[in-house]
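Shown next, in structure tokens, is the structure this report addresses.
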Amino acid sequence: MPRKLMVLAVLAILLLPSACSKDAAGLERYLNCAAIKKVDIVFVFDTSNSMGGEINELKAIANKFAADLETSNIDYRLGLVEFRDFPQTCGEGDKIQCGSPGDLAYRLWGNGTITSDIQIFSSWLKDLKAGGGGEVGPEAVLAALRHADSDMLWRDDAERAMIMLTDAGPHPDGSCCNAEGDTLEGTIFALTGQGTRVYVIGPDHPSLKKIAAETGGQFYKIRSGLSLRPILKEITQAMSCRFNVEVVARCLNKTLQAKATLVGNESIPYSAGQTEAWMYIDQAGEIARYNLSYNKTEEAYGAEAPGVCGSLNLTVYGRVEQKSAVNTTRIECEPCQNTAEPESLSISGRIFDDDNGNAIMDATEPGLESWEIRLKKSDGSSDMARTDEKGFYIFTDLAPDRYELSAAVQTNWTATFPENGTRTVELDAVSESDINFGLRIPVANIAPEIADLTAEPGSPQIAGTAITWTANASDMEGDQLLYRFFLNGQAMTDWNADNTWIWTPAEDGKNLICIEL
């Protein structure tokens with residue numbers, strides 16, 4: 001790590017700004033902001049030790065939030081789920097502590113009731129208390145979302161929305177702390193199957209961003225001292241002006257053909273970067289995601305999904321600026337025939353610009369259009385596909401076999417996931433999706449920016465009095481910063497993430513305090 005004499009910035013996590021452009025502003029007039037809209041809203045609240053401030057603020061502004069919903073013509077119901085972590089220690093060898101003893105993984109207040117009575121909702125909030133949660137780190141995010149989606153008493157004729165507040169991401173797939181076997185993709189598929197949108201107020205975590213993006217919600221970056229009031233107001237505004245996703249779908253020769261239009265007061269025109277549509281297909285528990293491309297001639301978003309049969313659950317999402325809508329329907333395709341012939345399978349995924357180089361497809365990282373990806377078969381033959389405007393690709397009509405996929409790395413780009421740019425896929429009885437590739441253009445690391453080094457109490461200090469030194473700096477790339485304090489050229493601390501050092505001088509005199517970053 002390059003080091004330079006400077007001071008560390010206090011970590012400030014900022015609210016993501018809304019996109020704004022002339023085209024974006026023009027789309028507002030197509031939305032229906034007058035009609036009454038039925039929305040069930042469930043707060044999924046992290047009540048671990050560090051969330052006390054957010055709990056107290058939501059208690060204080062609950063009535064105002066309800067009043068904003070009424071003013072916005074929203075026929076609302078409110079529910080509450082709290083979560084921390086599973087109170088267990090697990091794993092082989094070095095044990096992992098998940099939650100603290102006595103913790104709860106999740107709890108549905110009111111036995112899952114979703115109420116229109118703000119006084120009842122406020123009484124639940126009143127009894128919320130922060131505590132436990134184990135070490136700073138992941139919590140039972142996935143279990144809480146899944147149980148909120150499946151166990152709350154949602155209205156059949158209302159839209160579903162969740163507002164998740166947390167300062168931690170979920171446990172990674174395969175972790176023993178996911179005590180009920182939850183996975184990120186499985187949770188997203190369950191939410192999309194019900195058309196549930198998730199608005200996340202949380203840390204800069206790729207899994208949380210993906211949950212919000214894939215379910216048609218929004219992600220808001222939490223920070224110390226952040227007020228929930230403007231965020232909830234923005235979410236209310238996103239719910240108040242509505243549009244519909246109108247879907248026409250049919251099956252032909254075991255291929256699902258889907259077309260979607262976004263309609264508010266009238267049909268909403270396509271605007272690059274401001275409108276989009278995507279869909280999930282659930283075929284007997286096997287779920288796949290497809291991006292819908294806009295067809296100018298038909299003035300609709302469309303996609304084809306080959307190799308489908310039987311009854312399908314189709315969920316289509318649409319987004320206009322920061323607002324989203326969802327349509328869920330059931331499609332009957334040709335019956336699935338049990339024959340001796342191997343089933344036609346597919347491999348699909350995305351090539352994305354891994355701008356931050358973390359080998360994870362973050363929600364804000366775009367797909368790479370018109371990139372070539374090659375598929376090599378076990379018999380030595382090969383096939384080629386190109387990504388669409390969102391970076392998605394698909395190979396269809398594949399038999400069970402072993403396949404090698406490689407993304408063609410263009411000039412000045414380098415592969416980050418996987419590092420060799422090649423992935424091996426074993427197709428057996430089911431198709432494989434999310435076979436993704438990350439690439440980026442390497443950039444030189446930018447040194448952190450110096451701010452200041454402050455002392456409390458200030459100079460002159462008195463011998464025998466404890467002095468707290470605080471370093472402040474920032475890193476525009478978001479790299480983690482480590483600091484080390486020096487007294488008269490001698491290191492007083494090891495490298496760590498603490499930007500403070502307390503020193504009690506034994507005698508009067510001049511001393512030089514420095515910080516390395």
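A few points about this structure:
- Near residue 349, the amide H atoms lying under 5 Å from its own belong to 393, 434, 435; only residues 5 or more places off or on other chains count, and H is placed 1.01 Å from N.
- Shape class of segment 122-232 from the alpha-carbon gyration tensor: rounded, with the ratio a/c of largest to smallest axis under 1.5.
- Relative packing of peptides 92-102, 407-417 - highest average C-beta neighbours within 10 Å first: 407-417, 92-102
- Three-way shape label, segment 184-240, alpha-carbon gyration tensor, a/c 1.5: oblate
- When you count the other C-beta atoms within 10 angstrom of each residue and take the mean per peptide, 46-56, 248-258 line up highest first as 46-56, 248-258.
- Shape of segment 31-240, Cα gyration tensor, a/c cut at 1.5: prolate
- Over the chain, dividing the summed -39,500 (n - 2.57) contributions of all DSSP H runs of at least 4 residues by the number of residues returns a 222 nm mean residue ellipticity of -4500 deg cm²/dmol.
- Other-chain or far-sequence residues with amide H under 5 Å of residue 100's (modelled H): 133, 134
- With Cα atoms, 0 to 90° folded angle of helix 184-193 axis to the chain main axis: 50
- Rounded to the nearest whole angstrom, the semi-axes of the ellipsoid equivalent to segment 449-516, taken from the Cα gyration tensor as √(5λ), stand at 24, 12, 10, largest first.
- 3J(HN,Hα) along segment 152-160, derived from phi through the Karplus expression 6.51 cos²θ - 1.76 cosθ + 1.60 where θ = phi - 60°, amounts to 6, 8, 5, 6, 5, 9, 10, 6, 9 Hz, with x in place of Gly and Pro.
- As a rough footprinting exposure proxy, the listed residues 211, 515 were ranked by other beta carbons within 10 Å of their own, and the order from fewest upward is 515, 211.
- Database remark: amide H of residue 254 closer than 5 angstrom to the amide H of 334 (H placed geometrically; neighbours at sequence offset of 5 or more, or on other chains; Pro and chain starts carry no H).
- Rounded to the nearest 10 degrees, the inclination of helix 228-240 to the longest alpha-carbon principal axis of the chain is 10 degrees.
- Computed packing ranks the peptides 492-501, 505-514 as 492-501, 505-514, most packed first, by mean other Cβ atoms within 10 Å.
- Order of 78, 125 - criterion: other Cβ atoms within 10 Å of each residue's Cβ, fewest first: 125, 78
Read the figures in this text as sums done on the coordinates, not as results from a lab. All values reported here derive from a predicted model rather than from experimental measurement. All Cβ positions, even for glycine, are placed from backbone atoms using ideal geometry, and neighbour counts span all protein chains on display.
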